[in-house]
Structure formats: structure tokens, C-alpha cells
Amino acid sequence: MSDNAAPTTPSTTERPFEADVSRLLELMVHSLYSSREIFLRELISNASDALDKLRYLALTEPALVGAGGDLAVRIRANSQTATLTIEDNGIGMDAAELAQNLGTIARSGTRAFLDNLRNAKDQSGQIGQFGVGFYASFMVASRVEVLSRKAGSKDAHVWSSDGLGGYAIRPADAIETAAVARGTRVTLSLKEDAHSFLEAVEIERLVRAYSDHILFPVLLWAGKGEERQINRASALWARSKHELSATDYQEFYQQGLGHYDEPAATIHYRAEGRSEYAVLLFVPGAKPFNLYDANRKGHVRFYVRRVFISDEAELLPPYLRFIEGVIDSQDMPLNVSREMLQDRPEVAQIRKAVSNRVLSELATLAEKDAAAYLKVWEAFGAVLKEGLYEDPERRDQLLGLARFRSTTSGDGWRSLADYLASLKESQTAIFYATGETLEKLKASPQLEGFGARGVEVLLLADPIDSFWVTAALGFDGKPFRSVTKGEADLQAIPLEHPAANPEATATASDLARAIEQILKSAVTAVRLSRRLVESPVCLVAPEGGPDRELERLLTRQSQGVGLNPVLEINANHALVKAADAARSSGSTQRLEDLSWLLLDEARILEGGSPAEPAKFAERLNRLLLGD
């Protein structure tokens, strides 16, 4: 602790901050002054969560509420001592919880958040986008003291820190303990340049801007024992959508959910029938920084008659985890436990109906405002495609929502409906290629024969693509078919420029058999290609196994099938003709060298490397030197 820390007592415990907390505090205290007002939103949000938790626990333990008064957040400014106090009469914390909640960063994705924060040119924008929780206090305070008494406990504890090296925790004295029946009081000793936050007008402005829609009253001390409520404390989702304006939704999205952008779409309705519930959901306008974090869960808060129950109820499938908002049930029991929530049939019904409604709303957006929908797809399309693999029941809906890059789309996007509308006569399948990047896919030799026939190929560069195409049977009666697997189904589709691919020589089949004999330890077969126009060779997967990209992904995880690829040769290419000439003339060594070099070139063309670099170099040297 620093020199200006409060004097310790024998029962005081001092601890250093965890490394991530120290990094975060350093960034905020020294770099992020333009976003300082966010601290009040974060502290009020924490207070609201504490009140929610108490209200939930009190359903089964009414004694926890005791004589602590009506649930509320209270703010008091003292200009004489330059202190600002934010207090709630919620669940409170014991000593261990103070250390865990205020001395560490427990939320998932913190390291990614910190990396974004440190690397961003506009750090104020980053902090505004992600929020910083309790630690935002140190942007305005030289010292923070937290007095907390857990509901049902006789003891209170005090956490204090100057935000530099660490913090101290001590038992509260008798006066402090008597001052808080339950809940938490955060007292900020404001820095000299932050005294504007002591002004009632400024406090009210910030509460209206950031915390107007929390479900509990925010009360501002007005002097002489009087308080006045400075927020609306209304459940926006419980009101009719006809009463609300776009501004109302925007304010809730920003104030209630902590966003700084505009939502791409808003879904607000009330369901009636077997189950009655209100839904207010938003499609964010920007991608969350931890969207692909394995520990990230959905951000839909579940209420029962405006009583917060859980934000981990999994009310939407994982591939809709970017959706945020509130679902409020009117007919479930208030004392439902978080553990039993997933097993209740009402929750399953809500999950199914809301998921279908979200997909339906996205389809409507795509139809009515294609540009707005494409922004959603660019931000969340890779996540939505997880549903193509995970959710067979809604696969057709998701395929209708999917957008793709293709060999004919340029920088634009194509739907499957667009693709089917441009099918070539006699084309019986939807062709696709999977790979690591669009650039590599566009350079794939396997695409040449399709391009020569004007056949569009979907270019799938997201990791999930290699998996969902194995589960999707097709779309509108047309199956999906990989251009890197099996024989190319192109014989019925004429070339747009027949001269570009003349008939193979009569001896080409003999050459394929000879090369196959030489490479039999490394390939399943060697055959003449309908895919190739300009390149000499390419590799494709056997018909019965995974395509080339999926095989590579499985091999990296030690789950590869282990099938050797098929080598296809372009009989009209000069290098293949040279191999045929070596075969015809009986140049055994030259034919062997050319055969292995053709295989290694095929590996290189798809982004790999020769299996045996030393032998590759020997063979190449012999051919270059004419040995």
C-alpha cells in the first residue's frame, strides 16, 4: 500500500492485487480520463445486481431481508469531505467475497479485454465499449473504501485501497457495523479534478444517461433527511411496444446492457397462450471482443414477474450467444432454483419459441433491409453457422439466413437462393471449397474446371465450415458437394471455351497407371482430371472420406482418417507430357523423379510442403541438371 493508505490494525489483512487487476488499474488511472464518468454506471450496476440477488434468495429465505428497508440504491455527495457514496441494501459480501470480488478479475475474456485495451489507439473508446466494473472507481478516486455486511450476518468488513499496489481488509468497528444493516456502501475520495461528480445536477445527468432503466430506484440525498428518486426504474420490456420510441430502446440497450453502439435489430413482443412471457432482445451492432471465448455464455437475463432469476439460463442456443436482452416469465414459480431451471418444461418451451422467433426476425431483416442484415452477418455469421452443425431442427432456417463468398461474388455476398438461381443447365449439386483463407481458396487448382464451365463455387473459409457441410444434406433439393472430394461431377456441363481444355492424348491413361504404380505408397489412386485447366496436378479426397480441409483439421487434432489422397493430373500440361515422354522412352529414373515431383507440387499448391524435403531437392536437382 502507498504512504497515504489508512493506518492498519492488528486484524487488518493486506494483499497485493492480482497481475491482471494491476494492469487494468494502471491503464485506467494513467490513460483513460475521457471515459471517467462510466464509473457511476458500473457501481450502480453492481448495486443493482446485489439487490437482484437478495430479492431472489429472499423468496426461499425471507429472513434475509430483515429490517433493511425497501430495496434501493442510494447516492450521497459530501462536498466538504469530497466524498461520493453509492450504497445498496442488497445481498452484501463477507471478507472472503470482498477479496474475491474486488481483488481479482473473475469475468471470462479479461485477458483479451486487456490486450484490446492496451493495443487500441483510442483507449477511451475501448473502455466505453467493454466496461470495467468496480475498478472504474479509481479513474476518479484517490482512495476507495467498501463497507459491506452480508445479509443475515452480524459482522461487517471494510475493504480499502488507493488503487496502486494492493488492498486491505479489516473487520468493521461497532459504529460501522451499525451503519449498514445489510448490503454494501462504496465511498470514493474523489481526486481534485473529479469534484464535478459531487454536483447533484451532474449525478442526475449520469444516472439518467446510464442507469435509468435498472429495476430499483436510485435515490439521491437531498439534505435534511430527504431523498429523491432520479431514475425511472421501469421494466421497459413490460410496456407495450406501441408506447415506446426508437430512443427508448436505444437508451435501454446502452444504459441497461452497457453498449455504446446502436443495435442492429430489436425484438420486442409478448407471448401468450400456454406460457406468458415478455421478450426484449437486441442484435448488437458490434461484435463483442470475447465472442469466441469458450467460456462465454449468452447474455439474456431471465426474470419471473420482474424478479431476476438468472443470467445463465441458456434461453437461446449457443450459436445465438451474441443476442442480448431480457425474457420475463409471468407464470413460472418465483422460487424456481437456478439448478432446476434447465429441467422445467416451461423453460424448454420458451427456449424453442424464442429461438424460432429470433431466426424469423433475422430473416425479415434480411428481406426488408439487406444492407443492415449483411452487417449482422459479417459480425456474427461465423457463429450462426455453428447452428448448421449443432441444430438440425433449424438447419433449413439457418441455411436460408447464411451468406457466402463465392467464385463469382467478388467482394459481395451470395445467399443459397442466389446460388440456385444461377445454376448451370445439368448442374445437380451446390459446389463448395473449404480452406484456411479466401485468398488460398481462390488460388486452388481444384477450382479451374468449374471456372472454365462458369460454375459457381462457394468459398468457405471459417473453421466451422468444414464440419457443417458434412451434416447438411442439401438445400432445396440440391446436395452439397466438395470440389476437393471424389470425382468432379462436370461431364454434363459444357466448357465455355472448349479450346482451353483439349482432349487428352491416347496414352494419358497409361501414364496415370504408371504414376500410380510409382506413388502407390502415398496415394490412393492417380487419375486424369476434369478439374484442371492450367495447373498440372491437384490432390482430392477419396469419395468415402472427409474432404481435404477437414482431413487436415482432424489430423492436427490427431483424429485424421488416414486415407491417402487421390492425385489428379492434367494430361494437357507440359510437365505431365514430359512425364509421358519419359514413360514412352523407358526413362525409368526420370519418370520416377517427375512422378514424385508432381505429387510434391500438388502438396505445395494446397498450402502444404513436400513430405521429404531432402529427396524433393535431389529429384529437382537431377531434373534441372539433366542427369
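The values are calculated or read from the model by the stated rules, or taken from the named source; none is laboratory data. Everything numeric here is computed off the predicted structure, so don't read it as measured data. Neighbour counts are summed over all protein chains in view; Cβ atoms, including those assigned to glycine, are modelled from backbone coordinates with ideal geometry. In case anyone asks, the SASA skips ligands and DNA or RNA and just uses the protein heavy atoms, side chains included. Shrake-Rupley method; radii C 1.70, N 1.55, O 1.52, S 1.80 Å.
Brief remarks follow.
- Taking every protein chain into account, the accessible area of the chain amounts to 46 square angstrom per residue (probe 1.4 Å).
- FRET E, pair Ala200, Tyr292, Förster distance 45 Å, beta-carbon r, rounded to 0.05: 0.55
- Taking a Cβ cut-off of under 14 Å around Ala372, the surrounding Lys, Arg, Asp and Glu residues balance to a net charge of -3, with basic ones at +1 and acidic ones at -1.
- Relative contact order %, region 134-244, counting alpha carbon pairs below 8 Å whose residues are six or more apart: 21
- Carbon plus sulfur fraction of accessible area for region 382-469, probe 1.4 Å, in percent: 48
- Our estimate of slack between Gln342 and Glu14, defined as 0.36 nm per intervening residue step minus the Cα-Cα distance, is 114.0 nm.
- For Glu97 and Glu378, the difference between the fully extended length at 0.36 nm per residue and the C-alpha to C-alpha distance is 97.1 nm.
- Placing pseudo-labels 7 Å out from each Cα toward the beta carbon at Arg232 and Leu575 gives an inter-label distance of 6.8 nm.
- Summed side-chain charge close to Arg548 - residues other than Arg548 whose Cβ falls under 10 Å, Lys, Arg +1, Asp, Glu -1: -2
- Arg556 paired with Ala222, simple spin-label distance in nm, labels 7 Å along Cα-to-beta-carbon: 6.3
- 5 angstrom amide H check on Gly474, placed H, neighbours 5+ away: Phe480
- Once C-alpha pairs closer than 8 Å and six or more residues apart are averaged by separation and normalised to the residue number of region 449-590, the relative contact order reads 27 percent.
- Taking a sphere under 10 Å around the Cβ of Glu487 and counting the other residues whose Cβ falls inside, with K and R at +1 and D and E at -1, yields a net charge of +1.
- For the chain, the relative contact order comes to 9 percent (Cα pairs under 8 Å, sequence separation of at least 6).
- Alpha-carbon centroids, region 34-95 and region 346-360: separation in whole Å: 33
- Put a dot 7 Å past the Cα of Asp331, heading toward its Cβ, do the same for Glu61, and the two dots end up 3.2 nm apart.
- Residue pairs, from the table Lys352/Lys440; Lys287/Lys424; Lys287/Lys368; Lys385/Lys440; Lys241/Lys352; Lys375/Lys442, whose Cα atoms sit over 32 Å apart: Lys352/Lys440; Lys287/Lys424
- Answer label, with Cα extents along the principal axes in Å calculated from the coordinates and candidates [x] 108, 60, 40; [y] 71, 70, 50; [z] 80, 67, 52: [x]
- Gain on full extension, evaluated as 0.36 nm per residue between Leu624 and Lys154 minus their Cα-Cα distance, stands at 160.3 nm.
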